[in-house]
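Novice: Pasting a structure below so you can have a look.
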Amino acid sequence: MVLITGVYLVLGGYFAVTMTDFIQGLIMIVGSLLMVAVLVGKAGGWAEVLNKLPQAYATHIPAFTTDMVIMLVALVFMTSFGTWGLPQMVQKFYAIKNESMILKAAIVTTLFSIIIVFAAYFNGALSHLFFNAPPLLAGKPDFDRLIPDLLHKFLPDTLMAVILLLVLSASMSTLSSLVLVSSSAVAIDLYQGRLHPEVKKERLLFLMRALSGVFVLLSFFIAKYEFAIIITLMSLSWGAVAGSFMAPFLYGLFWKKTTRAGAIAGVLSGLTLAVSLFFILGPAKSPISASIAMIVPFAVVPFVSFFTKQPDSELIAQAFSSEKV
């Protein structure tokens, strides 16, 4: 995965990432729908599934408690709205040819999301029809084994190959997006924006290619040696990144009175809450920490903006102009 992603990132750049994301998205759609179709067939068909699934679910899942409801709501909120503040998602807008494409892209991505989310969660629910209890690891329930065991036991080998491509495609898409946003942040925002504003385009392009290769190799070593801290960072990432950027980004897009100080306060409050609550509440409740870290900056940004220097009027007029540039 690292080798393939590294090659098309370094040689092809942003356009290659956009094209491969499109192809990988098609693989995800086909694979996920085939997975649902085969498993429903193995379970006896749609009528059988819809009849037995509620009964099996009620037998396997204990009654909801207040803590479970809070955790579920926080998890849904984090995964649904957290993407609004992830830099690798925002960067996708740089590939838009013109403004007329925004609505088309919104429709396509909504349909894609519905298909992928339905397939993922419905297959999880189908596990209730194939297992009476979760697999055990050292005498304790190992819920992470449910889906792998389900796919391994009940899917034909040819479809398992498609599912493997699906997982590989999702992983490569994420890796390439993160590497691209990281390399451009260093090369364009830091090197060109702060250190060498007059740098030649060819040199900047070479730097981005080199940094892409470095970040891909770095991800390989992190995965190979399984550093324990990575698990902690992964649990922190949604709250820390989305909490830092979502409120400043959305206010900056839609509210003309957002100030630089307000945006910085929003970033710092989201980051501080995400990290501190993560260690106070523990990794098991990271969705709650992340959700709080994403919500609070929406109050911090306007509060600080009201008491700090307003942006230059000419800058605001240019930023919110409807004229095509």
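Novice: Is there any pair linking a residue in the stretch 4-32 that is hydrophobic (A, V, I, L, M, F, W, C) to one that is outside any helix (DSSP H, G or I), with Cβ under 8 Å and at least six apart or on different chains, and which?
Specialist: Close Cβ pairs (under 8 Å, with a partner that is outside any helix (DSSP H, G or I)) do not exist here.
Novice: Here is a follow-up. For the list (1) at pLDDT 85 or above; (2) under 18 Å from the mean Cα position of the chain (by Cα), I need the number of the one condition that S173 fails.
Specialist: Single failed check for S173: (1).
Novice: Kindly establish whether L175 is over 28 Å from V40 (Cβ atoms) and surrounded by 15 or more Cβ atoms within 10 Å (Cβ to Cβ).
Specialist: When the stated conditions are applied, L175 passes them.
Novice: Mind checking which pairs have a first residue in the stretch 265-292 that is closer than 23 Å to G252 by Cβ and buried (at least 22 other Cβ atoms within 10 Å of the Cβ) and a second that is among the acidic types (D, E) and modelled with pLDDT of 95 or more, Cβ under 9 Å, 6 or more apart or different chains?
Specialist: none
Novice: Can we say M1 is closer than 25 Å to F143 by Cα and among the hydrophobic types (A, V, I, L, M, F, W, C)?
Specialist: No; evaluated as a whole, the condition is false for this residue.
Novice: Without any contact (Cβ under 8 Å) to a residue 40 or more places away in the chain and either polar (S, T, N, Q) or closer than 30 Å to F279 by Cβ (or both): which single residue out of R145, R203 fits that description?
Specialist: Criteria check complete, one pass: R145.
Novice: Only residues that are exposed (fewer than 10 other Cβ atoms within 10 Å of the Cβ) and hydrophobic (A, V, I, L, M, F, W, C): list them for the stretch 65-103, please.
Specialist: The answer is L103, and nothing else.
Novice: Inside the stretch 45-95, can you point out the residues that are over 30 Å from D189 (Cα atoms), at pLDDT below 90 and in a loop (DSSP other than H, G, I, E, B)?
Specialist: Of everything in the stretch 45-95, those that are over 30 Å from D189 (Cα atoms), at pLDDT below 90 and in a loop (DSSP other than H, G, I, E, B) turn out to be I61, P62, A63, F64, T65.
Novice: Further question on the same structure: Being under 25 Å from I61 (Cβ atoms) and without any contact (Cβ under 8 Å) to a residue 40 or more places away in the chain is the filter; apply it to the stretch 104-117 and report the residue that is surrounded by the most Cβ atoms within 10 Å (Cβ to Cβ).
Specialist: If we take residues in the stretch 104-117 being under 25 Å from I61 (Cβ atoms) and without any contact (Cβ under 8 Å) to a residue 40 or more places away in the chain, then V117 is surrounded by the most Cβ atoms within 10 Å (Cβ to Cβ).
Novice: Name the residues in the stretch 118-128 that are surrounded by fewer than 16 Cβ atoms within 10 Å (Cβ to Cβ) and either of a type in the set (A, V, I, L, M, F, W, C) or within 19 Å of the chain's Cα centre (by Cα) (or both), would you?
Specialist: F118, A120, Y121, A125
The values are calculated or read from the model by the stated rules, or taken from the named source; none is laboratory data. Computed from a prediction, not measured in an experiment: that's the story for all the values here. Please note: Cβ atoms are built from the backbone with ideal geometry, for glycine as well, and neighbour counts cover all protein chains shown.
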